[in-house]
1. Select from GLY179, GLY74, GLY30 the residue whose mean-square fluctuation is largest in a Gaussian network model of the chain (Cα-Cα springs shorter than 10 Å).
2. Would you mind calculating the relative contact order of the stretch 1-44 from Cα pairs under 8 angstrom and at least 6 residues apart, reporting the percent as a whole number?
3. Could you give the length gained by full extension between GLN208 and GLU73, i.e. 0.36 nm per residue of separation minus their alpha carbon distance, to one decimal place?
4. Keeping to pairs on different chains or 8 or more places apart, tell me how many lysine pairs in the stretch 2-217 have Cα atoms under 20 Å apart.
5. Give the label of the value calculated from the structure for Cα Rg over 2.2 N^0.38 Å, choosing from (i) 1.09; (ii) 1.01; (iii) 0.95.
6. Only loop residues by DSSP count here, and only those with at most 13 other Cβ atoms within 10 Å; note down the GluC sites (Glu not before Pro) in the stretch 116-193 that meet that.
7. Name the residue farthest towards the positive end of the dipole of the chain from the options ILE49, GLY158, GLY8, assuming +1 on Cβ of Lys and Arg, -1 on Cβ of Asp and Glu, about the Cα centre.
8. To the nearest 20 debye, what charge dipole does the stretch 2-217 have about its Cα centre, counting +1 at the Cβ of each Lys and Arg and -1 at the Cβ of each Asp and Glu?
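Taken together, the values in this text are just the output of simple stated rules run on the coordinates, not laboratory data. Only a predicted model underlies this, so the values are computations on that prediction, with no experimental measurement involved. A quick note on method: Cβ atoms are made from the backbone with ideal geometry, for glycine too, and the neighbour counts reach across all protein chains shown.
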Amino acid sequence: MIERLIVGMLYTNSYIYFSGKKECYLVDPGGDAENIIKRLVSLNLTPRIMIFTHGHLDHSGAAQEIREHYMAEGCTIFSAVHRLDAAYFGKRAPETHKNSFAGLGAEGTALFEELYRGVPEADVLLKEGDSILDSDLRVIHTPGHTKGSVCLYSESRGILLTGDTLFCEGIGRSDLPGGDARALKSSIQKKLYVLPPETRVFPGHGPQSTLEREMRHNPYVRLETKTSRRAVTV
């Protein structure tokens, strides 16, 4: 029902979410388009929509190639992102991504040139509480890593895809354009930690976890305490 592929230079978790049908939902296709397509073919699945937990290039870098591949086969694939991260897509994408990498200096410029292959226009602008087409995935707006960061929650399946908001014993960085450390921690404490503790966490980088584990052991945002420690740099 959910399959992880580790893609791209920054080892992003890209997820294929499906329910036994031939169509699926592709979350954060950040790189290695050819490998993603090969896996979809092996599973006999066609993506209906690409959903982005936020706009950063390591989560969207393969989107254009995937869209073009399926368009050539006569398939339409929608792209969905929160409206506050829409500038990372379409015509505004090059300038927005260059600005995101600028703070990293020469290394950031080189990384941008390596990763950028174009990003398609966003067809669907998400907001808090939206459902993804006819799936059981619901949008939770969790600003902090970027202004438009979201998590995708399936209550019936106890699954939470957290992008770069929450990791296994870590949280996303908040020192890039649009980042806000206070908002990030508030999003986790007030919107994620109120969900059932047994909920399985599927993050944008690194291994899986559960909310209960993060509530107890995450050194950056525990349920019962506040901390000023610096976020992990992913």
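1. GLY74
2. On the way: 58 pairs, mean separation 13.9, N = 44.
Reported relative contact order: 32 percent.
3. Values: separation 135, 0.36 × 135 = 48.60 nm, distance 3.40 nm.
Length gained, GLN208 through GLU73: 45.2 nm.
4. Count of close lysine pairs: 11.
5. Working out Cα Rg over 2.2 N^0.38 Å from the coordinates points to (iii).
6. Details: sites: GLU121, GLU128, GLU155, GLU169; in loops: GLU121, GLU128, GLU155, GLU169.
Counting only loop positions with at most 13 other Cβ atoms within 10 Å, the GluC sites (Glu not before Pro) in the stretch 116-193 are GLU121, GLU128, GLU155.
7. GLY158
8. Values: 24 positive and 28 negative charges, 95 e Å.
Computed about the Cα centre, the dipole is about 460 debye.
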